[in-house]
Amino acid sequence: MPNMRGDAMRGLAVFISDIRNCKSREAELRRINKELTNIRQRFRADKTLDGYQKKKYVCKLLFIFLLGHDIDFGYMEAVNLLSSNKYTEKQIGYLFISVIMNSSSDMKQLIIQNIRNDIQSRNPIFINLALQCVANIGDREMATAFTNDIPRLLVSGDTIDPVKQSAALCLLKLHRTSPESLQLNTEWTARIIHLLNDQHLGVATAAVSLIDALVKRSPDEYKGCVNLAVSRLSRIVTSSYTDFQDYTYYFVPAPWLCVKLLRLLENYPPPEDPSIRSRLNECLDTILNKAQEPLKSKKVQHSNARNAVLFEAINLIIHMDCESSLLVRACNQLGQFLQNRETNLRYLALESMCLLAASEFSHEAVKKHQETVINALKSERDVSVRQRAVDLLYAMCDRSNAEDIVQEMLTYLETADYTIREEMVLKIAILSEKYAVDYKWYLDIMLKLIRIAGDFVSEEVWYRVIQVVVNRADVQSYAAKIAFEALQAPACHENMIKVAGYILGEYGNLIALDPRSTPMVQFELLHTKYHLCSPTTRSLILSTYMKFINLFPEIKMHIQEILRHDSNYRSSDVEIQQRATEYLRLSEICSPTVLATVLEIMPPYPEKQSPLLVRLKQKKPLMEADTSSELSTAPIAQSGDGPKLTDTAMHLHQQQQQNGLLVSLDTTESNGHYETSASSSLPSSLSSSSAALQTNKKFLFKNSDIIFENDILQIGIKGEPKKSVLHVEFYYGNKTNFNLTNLSASISLADELDPELRIHMEPVQTTLDPRAQIKQVGTIECLKDYRDLPKMSLSFFYSNVPQKIDFVLPVYLNKFIEKAEMDSNNYFLRWRNLDKPDQECQKIFPAKFPMSHDVCAQKLEGFGWSNLHNIDVNADNFCGAGIFHTSAQQVGCLYRLEPNKQAKMYRLTIRASKAGVASHLAELLEDQF
Amino acid sequence: EKQKLIEEVHALVTVRDAKHTNFVEFRNFKIVYRRYAGLYFCICVDVNDNNLAYLEAIHNFVEVLNEFFHNVCELDLVFNFYKVYSVVDEMFLAGEIRETSQIKVLKQLTTLTSLE
């Protein structure tokens, strides 16, 4: 045991033993409460507590906190400990502050003062304690407070090494939390870079982390580090392990420093200077050579340390992507690892190889390992290793091996873990489409995929199948044939029924001459499945029937009978009922020519990025392997054969319009409200959460609105203003049939907004049941006038896939406006008083909507201020007033809106008592009339 | 929130056996962990961080603990939790590696222990 002195806090040890001896949770709680009462009393009563006692009690509180209990007192005592001149007391004080106190503490200034005293002291141990505390908490106040002290410590010649190490990482932390408040003097740049050369390897290790972050901020300024990093690296890798004594770890010289230096170099392109470049290549070569040497120790620590450096070297080789010999050697090395006994190495080798597959130099070399990778898929016990194998197969796939790889993945899919099935389905679908030479093969694979994976086939997958069929006239009759065959299976997955139903509705006529699939047979086969399907699918099938009426007039009677049937015509499902009613009516009143026009086959879809790629990216936002494999396939996508993949974010919307063909048929008879519901039964891809980003301006004029909606979630907002405080309610509605879990919502304010708005939200329930809605309430207080809008971030898990949604919260300034009534004298008096240039803003803009007096009045009142009559002599004009409330002040606002019907223009003039407010309000309104 | 995090990581890591890797994806990060008897040491890293380097950083840390507490056992860590924090701060700071030399860390720790 380390020196246990008399002052090693016996009381604490006794307390910990007591807790450990507690037999039950209740007993533990009792013991803790007793202790808390005791400590509280001691702190309150005994003003003469000495440092040792304070330390002991604070330490007990810390222990209780670590057991998971809240601690709401003892802060002052902890802060007192900071000014003690005994190390052990100071240490406990700093520890308490670092672990328990968070940024909201009002003692912040006191703490900062204490830290400053320690940093400026001459005792390096105290300086270090203070720096460690700053590095552990590192909030914005600290960044501002120490923006000079800490960099100075780092570059000063007087500072001892351990302090430099702490200072470097402290600075890194402050740079991360608050890059803008940390202004590094450019004179220091060179001195910071030179820390890479420091004699003390610990200083170099700490510094390289800092430099890595600074390089990311200003690569040009820190360019000099490349040269130094290469030479330092070279000195380490070419040395013998005995040269570094205490920095050698299991016969590997300074492995962590090497890894960090290599990572630092990954920030830059390969060095241009030929001598540096060849030196770097030598380093990489040496590292690869060492991997072939016999192990110097049987201990796993030795091989791990060596391979840590090796993998990082391989990463750098891949990053530089220019030395084909190195790339191929790297690939061979990884190939060896694929067969290694260590699961860790196999996993990492698969992961790195994914990146290698993206390089044109090593793509072929990677392909040699196809068989091993397929074996890994079959035999690995750890699902994350199998996952990497799937990733790699996906990355190494090209036209030459696509058939094999797709086939293997399909085989594996039948037994694959549930957690990776959906992703595998996507990958198979993407590969078979991208590398299809024969689209009949593609269709075979896809139907097989739907048969095997059923539930794991996301909507995008079968939408895409249909898009491909619609766009390729040469496979349409084949598609109809195999879709028909697939339907004949006794048990058919619903997704299969959807695809088959859709395809037959479009192209059933192409196989109708075959006596085995006459119109009546097709219809009857499809109808045997009808009753087993969900309402969505039934709606889709009804559309197919409608199309059958056009394709096969001879079975019209049978179909009308179905439409007329109570289970459809009077279905409790509105969608089905509506379709049945409308389709029936349509079939009765329209002539065959009209029908043929409305029910014409779908036109080809515009070529665009496959929604499958979008979906895959959503599923794995952070896995590098995917992005890189996509880069590698980009040239193929542009080569002209196969569906083109172009990157348009807007495609979702276009597609919806495209899909609107059937919808528009429906809306000729209904009132248009149908559109939203109908699109869900037709191929469209709505589920990209990123696509649903929107800033909604409806909320300008109303106190409730839908602020976000996608396939999974709908979010509504309701706001009730009370002077400077807006009471808000958010409604989260789960649109799916699955639980959404780990739901968390937060509102963030950009830095400028921070002093302008104060937001408080009650916590929200973390699980959202299927089809359920939950409410979150909170308040938004306006501290002063603001321009930027707060952002809302929502994260949750949807069938175990993390989802993140960010959008702008449309809480405009006008939410804090209260209307004011006044007579015309008063109005004009005030108007004239507000005559400074920055108090007025005038905008002249064209009308965007029909110029209706009533609608304008409604909008202006909805905006929050009054609409006063009898003020303006011209009754067409609008005048009104309001008070904009912030917690600090009230701002009077007046407006006048003058429509000019001949010119179809408006003139809006706003005056407000605070500079800037008028122009902001005018901007909000200028495109709204 | 913190407790929940601990529980989640616990549930994720303890079900894995020796044939599994020492790396497991967690939210948008990776947990690198190593088991010593009944104790798991975990580090959360970015997905593209160097897994093996952090795996060995754990071991380096454990060796220091072992040396410092003379054959460390779980009880040492519980009763001296505040000293464990000192060890952590010597070796890791701001989420990065601060010092890797066991000799240097132990020397510093001995100095600190001798102080009042």
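The values are calculated or read from the model by the stated rules, or taken from the named source; none is laboratory data. Everything quoted here is computed from the prediction, not taken from an experiment. FYI the Cβ positions are ideal-geometry reconstructions off the backbone, even for glycines, and counts take in every protein chain you see. These accessible areas exclude ligands, DNA and RNA; they are computed on the full protein's heavy atoms, side chains included. Shrake-Rupley method; radii C 1.70, N 1.55, O 1.52, S 1.80 Å.
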Inset, instruction - Would you mind counting up the charge near A:Asp149? Only other residues with Cβ under 12 Å from its Cβ, with Lys and Arg at +1 and Asp and Glu at -1. - result: +1
Legend entry - Burial ranking of peptide ranges A:15-24, A:497-506 (average Cβ count within 10 Å, highest at the top): A:497-506, A:15-24
Inset, instruction - Kindly report, to the nearest 10 Å², the accessible surface of A:Tyr569 as traced by a 1.4 Å probe over protein heavy atoms only. - result: 80
Legend entry - ³J(HN,Hα) computed for each position of region A:843-850 - Karplus, 6.51 cos²θ - 1.76 cosθ + 1.60, integer Hz, glycine/proline x: 10, 10, 8, x, 5, 9, 10, x
Inset, instruction - Return the sequence-ordered ³J(HN,Hα) values of region A:58-74 in whole Hz as given by the Karplus equation 6.51 cos²θ - 1.76 cosθ + 1.60 applied to θ = phi - 60°, using x for Gly and Pro. - result: 4, 5, 5, 4, 4, 4, 4, 4, 5, 6, x, 10, 6, 10, 10, 8, x
Inset, instruction - Note the buried accessible area between A and B here, summed over both chains, with a 1.4 Å probe, in Å² to the nearest 100. - result: 6000
Inset, instruction - Take each of the peptides A:38-48, A:727-737, A:178-188, average the number of other beta-carbon atoms within 10 Å over its residues, and list them starting from the highest. - result: A:727-737, A:178-188, A:38-48
Legend entry - Prolate/oblate/rounded call for region A:353-439, Cα gyration tensor, a/c under 1.5 rounded: oblate
Inset, instruction - Please average, across the residues of A:245-252, the number of beta carbons from any other chain that are within 10 Å of each residue's own beta carbon, and give a whole number. - result: 4
Inset, instruction - Determine the share of the protein assembly as shown's accessible area contributed by carbon and sulfur atoms, expressed in whole percent, with a 1.4 angstrom probe. - result: 51
Legend entry - Eligible aspartates and glutamates near A:Lys735 by straight Cα distance, threshold 12 Å, same-chain separation 8 or greater: A:Glu709, A:Asp711, A:Asp769
Legend entry - For residues of A:404-413, the mean tally of beta carbons on other chains within 10 Å: 0
Legend entry - Of all DSSP beta bridges in chain A, antiparallel share, percent nearest 5: 100
Legend entry - Dimensionless Rg/Rh of region A:1-100 - Kirkwood Rh, Rg from C-alpha atoms: 0.96
Inset, instruction - Could you work out the relative contact order of chain A, using alpha carbon pairs under 8 angstrom and six or more residues apart, expressed as a whole percent? - result: 5
Inset, instruction - Loop only per DSSP, at most 12 neighbouring Cβ atoms within 10 Å: give me the trypsin sites (Lys or Arg not before Pro) in region A:72-174, ordered by residue number. - result: A:Arg122
Inset, instruction - Tell me what chain A gives for mean residue ellipticity at 222 nm when only DSSP H runs of n ≥ 4 count, each as -39,500 (n - 2.57), the sum divided by the residue total, rounded to 500 deg cm²/dmol. - result: -16500 deg cm²/dmol
Inset, instruction - Write down the accessible area per residue of region A:321-396 in Å², having rolled a 1.4 Å probe over the full set of protein chains. - result: 37
Legend entry - Protection proxy ranking of A:427-435, A:897-905, A:784-792 - average other beta-carbon atoms within 10 Å, highest first: A:427-435, A:784-792, A:897-905
Inset, instruction - With everything on Cα atoms, drop me the angle between helix B:2-14 and the longest principal axis of chain B, reported from 0 to 90° to the nearest 10. - result: 70
Inset, instruction - Using +1 at the Cβ of each Lys and Arg and -1 at the Cβ of each Asp and Glu in region A:397-598, identify which of A:Leu586, A:Val406, A:Tyr478 lies farthest towards the dipole's positive end. - result: A:Leu586
Inset, instruction - Name the lysines eligible as straight-distance cross-link partners of A:Lys914: C-alpha to C-alpha under 22 Å, and not fewer than 8 places from it in the same chain. - result: A:Lys722, A:Lys723, A:Lys784, A:Lys815, A:Lys819, A:Lys836, A:Lys843
Legend entry - For A:Arg516, net neighbour charge (Lys/Arg +1, Asp/Glu -1) across residues whose Cβ lies under 12 Å away: -1
Inset, instruction - Quantify how strongly other chains surround peptide B:108-115 by giving the mean number of their Cβ atoms within 10 Å of each of its Cβ atoms. - result: 4
Inset, instruction - Specify the inter-centroid distance of region A:256-272 and region A:91-134, based on alpha-carbon positions, in whole Å. - result: 34
Legend entry - Cα gyration tensor category, rounded, prolate or oblate, for region A:397-598 with a/c compared to 1.5: prolate
Inset, instruction - In whole angstrom, note down how far apart the Cα centers of region B:1-72 and region A:289-349 are. - result: 22
Legend entry - Shape of the protein assembly as shown, Cα gyration tensor, a/c cut at 1.5: oblate
